[in-house]
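Each remark here refers to the structure printed beneath this line.
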Amino acid sequence: MKPYLKDDLISLRSPEPEDIDLLYEWENCEENWTVSNTLVPFSKYMLALYIKNSEKDIYETRQLRLMIETMNAEPVGAIDLFDYDPYHGRVGIGILIHRQEDRSKGFASAALNLMIRYCFDKLNTHQIYANILTDNEVSMKLFSKAGFEVVGTKKEWFREGGMWKDEYMLQLLKKDKGTPYWG
């Protein structure tokens, strides 16, 4: 039997202390700040605390970050759950594949599909949502392929370089009451 958060291309795992330099690079890359709502750099100390607290339950922290690792154990990105609301059965999701050369290889798609299954099966969520800038065609294609639908547009939601950008809100609802969307 395959491990739960693994397929033929990638596996998802919790961050380890050895990931701190990599996370420091990813979190402090200004190119990623718009999509991660970051305005200031992260210290290694803060990241070390985050990794230490990542052992806590999602029900307590309302968030979860997993590292996306290739089959040769190379971390290529991360997938995050945030704003987890077990009462209303919803959670937000975001993905980062950091290096350009690691993109378009199916890593994000595989991670998204594994995490959807985890959310619907293990967390018993009813819906997963994502927020994507309207000009992010790659992310729109990724999430649309996984079944997410645009349910609204937040006008002039982000300011970037003196310009205002719109953001889509996408949702994926669990099909039927007892049937996961892939069934």
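The values are calculated or read from the model by the stated rules, or taken from the named source; none is laboratory data. These numbers were taken from a predicted model, which means no experiment stands behind them. In this analysis, Cβ positions are derived from the backbone assuming ideal geometry, glycine residues included, and neighbour counts consider all displayed protein chains.
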- [ ] Considering every residue within the range 146-168, establish whether at least one is within 25 Å of Ile68 (Cα to Cα), β-branched (Val, Ile, Thr) and in contact (Cβ under 8 Å) with a residue 12 or more places away in the chain.
- [x] no
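Quick one: which strands (runs of 3 or more DSSP E) sit completely within the range 79-183 and have at least 2 residues that are of a type in the set (A, V, I, L, M), buried (at least 18 other Cβ atoms within 10 Å of the Cβ) and at pLDDT 95 or above?
Ranges flagged: 90-97, 127-133, 163-173.
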TODO: Considering only residues that are within 14 Å of Ala73 (Cβ to Cβ) and touching a Ser or Thr at 6+ places or on another chain (Cβ under 8 Å), look in the range 1-13 and name the one that is modelled with the lowest pLDDT.
DONE: Pro3
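Considering every residue within the range 54-64, establish whether at least one is among the basic types (Lys, Arg) and either surrounded by 13 or more Cβ atoms within 10 Å (Cβ to Cβ) or modelled with pLDDT of 85 or more (or both).
Pass one, the range 54-64, residues among the basic types (Lys, Arg): 56, 62.
Still in the running and either surrounded by 13 or more Cβ atoms within 10 Å (Cβ to Cβ) or modelled with pLDDT of 85 or more (or both): 62.
Within the range 54-64 (the criterion being among the basic types (Lys, Arg) and either surrounded by 13 or more Cβ atoms within 10 Å (Cβ to Cβ) or modelled with pLDDT of 85 or more (or both)), the answer is yes, since at least one residue qualifies.
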